[in-house]
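Bear in mind these aren't lab numbers, they're just calculated from the coordinates by the rules spelled out. These numbers were taken from a predicted model, which means no experiment stands behind them.
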Amino acid sequence: MDYDAYMAGIRDGIEGGRIIFKNDPGYDPSGHLPPGLLEQKNTRPLNALTRAAIASSPHQEGFRFLEFGAGAGVAALEVKRCYEGAQVTTVGKQPFHPSYALQVSAMDMSDAIRARATALTGMPRDSLWIMDQLLGAQMDRLDLHIALAAQEQGEQFFFWQRQIDKQYVGCFPFTFDEPTRSFDIIHDGFGVLRYTPGRETIEALLEYLHPAGTLIIQDAESWRYHDYRPRSATQVGDALIVTGNDDVTNHLLALQTGLLQPEHQVPQLR
């Protein structure tokens with residue numbers, strides 16, 4: 001699939017009602033679509049804490065997952081691939097192909113492309129300065145055109161899988177067509193809480209969290225931009241956990257138990 005075909009998949013998603021533009025998202029400096037680049041921030045895999053939250057969810061069969069700041073869709077599409085029956089919704093400033101999923105990070109992609117160039121040219125990796133110019137100033141950034149072209153040449157960066165149920169594109173908060181208090185897991189990874197700070201944003205986000213659900217903010221530093229912190233919030237490593245009710249002790253115990261179980265670290269394909 002080349003870039004034009006990738007964009008055609010996005011257009012099909014828009015026409016089919018799976019990708020919905022709510023307002024003008026504005027310029028996204030971390031966007032994966034040109035003129036942006038694929039980076040570590042927008043190609044994040046699903047983290048262990050979120051896997052544990054899914055494993056401990058009382059609605060594991062057919063649970064509802066909402067991700068803010070989905071980037072190129074790596075984590076959201078991984079949820080769709082690994083958890084049968086999951087209903088996955090995303091909110092972001094750019095759409096992504098609803099079923100052609102990245103399975104590796106930007107750093108892994110650039111490493112693979114450099115390795116291929118080294119094998120073809122016989123030149124040491126450190127001397128491939130032209131490749132550095134193509135991939136970007138840093139080793140963990142590259143253009144989507146290059147990633148898709150490398151896939152055409154035999155790299156395994158993307159794969160076909162189940163479609164994301166719904167993508168909302170815009171600058172949150174906005175009203176979207178989802179029932180309130182209905183999502184079992186809400187995940188924010190460098191998303192709305194960093195780029196749209198304020199108490200109104202947090203309260204609008206929590207409005208969609210199920211009473212027995214879990215909100216995971218991957219970047220706990222986001223909260224330093226706010227003057228409001230929910231009572232049922234606690235920090236776990238670099239993440240902040242917010243529960244849908246005040247019974248945070250039992251909720252965290254379930255999460256910690258899930259993190260200790262190896263089978264919850266890497267979900268099995270179904």
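Near residue 157, no amide H atom lies under 5 Å from its own; only residues 5 or more places off or on other chains count, and H is placed 1.01 Å from N. Amide H contacts under 5 Å for residue 186: 66, 214, 215, 216, restricted to partners 5 or more places along the chain or on a different chain, H placed in the peptide plane at 1.01 Å from N. Less than 5 angstrom separates the built amide H of residue 37 from those of 31, all sequence-distant by 5 or more or on a different chain. Rounded to the nearest Hz, the phi-derived 3J(HN,Hα) couplings of the range 95-104 under the Karplus curve 6.51 cos²θ - 1.76 cosθ + 1.60 (θ = phi - 60°) are x, 9, 4, x, 9, 9, 9, 6, 10, 9, where x marks glycine and proline. Backbone geometry of the range 109-118 corresponds, through the Karplus equation with coefficients 6.51, -1.76 and 1.60 at θ = phi - 60°, to 3J(HN,Hα) couplings of 5, 5, 4, 5, 5, 5, 4, 5, 5, 4 Hz, x marking Gly and Pro. Across the range 11-22, computed HN-Hα scalar couplings (Karplus, 6.51 cos²θ - 1.76 cosθ + 1.60, θ = phi - 60°) run 4, 4, x, 5, 5, x, x, 8, 10, 10, 8, 8 Hz from first to last residue, x flagging Gly and Pro.
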